[in-house]
Structure formats: C-alpha cells, structure tokens
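Enquirer: Structure incoming, see below.
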Amino acid sequence: MKIAFIGGGNMAAALIGGLIKRGVAPADLYTIDPNDDARERNERHFGIRTAASADAALASYDAVVLAVKPQVLKSVAEALAPHLQASQLVISIVAGIRMQDISRWLGGHAQIVRVMPNTPALIGMGVTGLVATADVDEAGHELASQVLGAVGETVWVDGETKIDAVTAISGSGPAYVFYFIEALQEAARQLGLDEAQGRALAVATFTGAAQLAANSDEAPGVLRERVTSKGGTTAAALASFEASGIKEAIVRGALAADARAKEMGDEIGKQ
C-alpha cells in the first residue's frame, strides 16, 4: 500500500515508523509538510520522500492521512482537493472535525475515515477508534485498519458521535493516567520516599495493573476486589476515594471531554 501523510508531526512519524516495521517500503510513504525541520527529520529517520506542498504526485497514493492541527484543516483540505482522486481513501486523525465538514472542504470527497488514536501510539501501544462514511467499502475499512493498526489496537464504532466518546475515553485518557501517577508520586513524597522511588513504584504499578487487566477475562471490579481485604490498607484507601467522589469526578471529567469535542466540531465546522 502507498500512503501519503499531510503533516509530518509526532503522530504521523509514529504511523510511518509502525508501517515500516510492518513491511511497508519507505518508497511507498510520502509526507507533505511546510516545516523544513519536520521534512528533514522524516527524511533522515525513515528515508521517505517529502514535499512542502501538495502536487499531482498525491494522486498515486492509496490513502491520504490528514495529520494537522484542527485550526488549519480547512485551508489544508482546500489546497489538497484539486490533487485527490475520487477513489482515494482520506483518513483524518484531526480531533473534533466531522467528516461532513472534511468532505465539504475537500470539494465533496466521499471516501473518508475519521480516527482518534492516542499518544501511546508513539511507542506502538496505542488504541484507535475509527468510523467511516457510508461510501467507504470493505477494502477501505481494511486499509484504514492496517494503517492505524501499525501503532496498536483498532476499534471501529458505528456512528460519528461515538468518536467524540472515543476522544473522551482513550484519546484524552493517557492524561488521566498521568494525572493519577502524579498523585501517587506526591503521596510517595509525603510518605518519605524520594522522587526516583516514587516514580518507579507508581509507574510500575500502573503498567503491571493495566497488563493484568488486559490479560484477564474478569472485570476490573473483580480484580479490584481481589486486592482488597476487609479492614485492610487497600480498603482504607478505596473508602477515602469513595468519600471524595473520585470515581464520579473521573466520569464527569470524561463527559466534559466528550462535550468539548462536540463543541470543537461545531466551532470549526462553521468555517
């Protein structure tokens, strides 16, 4: 498969690296980015072809991945439109921007998949939610799965509104995890452990617990109960969390992220 990337930042680089590891030839990958440093980095690291702006060469690629900031997508899409073929798959990893607006800015292009990866994709451990327009056939779904599968797991959803939910849960989710790790490190500091000790204990605990959950068929609640002895230390901590409304606060936070994703789509889609 031949894949072109519009934007050569960190997420595009993660996808490029993942695709090469899976056997895609560097000659079949192409990045368009006006930033000299981004182009030079991708040329040096991956040996791929780059350009500062779109041209007729874009038409020879199977898929075009939009990997730019939401605020510039309209102008970028309008510049791309003359160079796209109707059969090409357009994959957008741009947060918040709806497929109908992308299609409009691309002059009515119909073959669009909207995806939401997350930052663990940078180390090949991401998870990506995907949704497609009705015009995308089975081959298009498979192609999008292969591109995003290069950096982790993929989860297809059956409606575009659910991509905002994906954004709230897994797209923004790594920040929630880092926030909790920060809190555990602060607790470690207050309990007399040094910074290195606190970091090692907090990070390894999250890594191990997440892997245990991933390898188990049992619900997280069951796994939690197995760690919790009546009247013990874990029970004391969980009782404090419940009294402080921690679980409800996390749910409210994720719902706020979902609402903000919808607002972004409304705001930028008006352009």
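The values are calculated or read from the model by the stated rules, or taken from the named source; none is laboratory data. Bear in mind the structure is a predicted one, so any value in this text is a computation, not a measurement. Reconstructed Cβ throughout: ideal geometry from the backbone, glycine too, with neighbour counts over all protein chains shown.
Enquirer: Of the conditions (1) buried (at least 21 other Cβ atoms within 10 Å of the Cβ); (2) part of a loop (DSSP other than H, G, I, E, B); (3) free of Cβ contacts under 8 Å to residues at least 60 places away in the same chain, Gly96 clears all except one; give me its number.
Expert: (3)
Enquirer: Can you find even one residue in the range 52-64 that is touching a strand residue (DSSP E or B) at 6+ places or on another chain (Cβ under 9 Å), closer than 25 Å to Ala254 by Cβ and at pLDDT 95 or above? Before the answer, list the steps.
Expert: Within the range 52-64, the first condition is being touching a strand residue (DSSP E or B) at 6+ places or on another chain (Cβ under 9 Å), and the residues that meet it are 52-55, 57-58, 60-64.
Restricting the remaining residues to those that are closer than 25 Å to Ala254 by Cβ gives none.
There is no residue in the range 52-64 that is touching a strand residue (DSSP E or B) at 6+ places or on another chain (Cβ under 9 Å), closer than 25 Å to Ala254 by Cβ and at pLDDT 95 or above.
Enquirer: Now for a separate question. For the range 247-271, which positions are exposed (fewer than 13 other Cβ atoms within 10 Å of the Cβ), modelled with pLDDT of 95 or more and hydrophobic (A, V, I, L, M, F, W, C)?
Expert: Listed by number, the residues that qualify are Ala249, Val251, Leu255, Ala256.
Enquirer: For Lys162, all conditions in the list (1) within 26 Å of Arg252 (Cβ to Cβ); (2) crowded, with 23+ Cβ neighbours inside 10 Å hold save one; what is the number of the exception?
Expert: (2)
Enquirer: Out of (1) assigned by TED's automatic domain parsing to the domain that holds Pro120; (2) in contact with a strand residue (DSSP E or B) (Cβ under 9 Å, 6 or more places away or on another chain); (3) of a type outside the set (D, E, K, R), the odd one out for Ala150 is which?
Expert: Only one criterion in (1) assigned by TED's automatic domain parsing to the domain that holds Pro120; (2) in contact with a strand residue (DSSP E or B) (Cβ under 9 Å, 6 or more places away or on another chain); (3) of a type outside the set (D, E, K, R) is unmet by Ala150, namely (2).
Enquirer: Let me ask another. Out of Lys270, Lys262, Lys247, report the one residue that is more than 21 Å from the chain's Cα centre (by Cα) and closer than 30 Å to Glu78 by Cα.
Expert: None of the others qualify; the one that does is Lys270.
Enquirer: Next question, about the same structure. So Trp156 ticks every box in (1) buried (at least 18 other Cβ atoms within 10 Å of the Cβ); (2) touching a Leu at 6+ places or on another chain (Cβ under 8 Å) but one. Which box is left unticked?
Expert: (1)
Enquirer: Might you check whether a residue that is touching an Asp or Glu at 6+ places or on another chain (Cβ under 7 Å) and closer than 22 Å to Pro120 by Cβ occurs anywhere in the range 196-206?
Expert: No - not one qualifying residue is present in the range 196-206.
Enquirer: Now for a different question. Using the structure shown, decide if Gly129 is surrounded by 23 or more Cβ atoms within 10 Å (Cβ to Cβ), within 11 Å of the chain's Cα centre (by Cα) and assigned by TED's automatic domain parsing to the domain that holds Lys69.
Expert: When the stated conditions are applied, Gly129 passes them.
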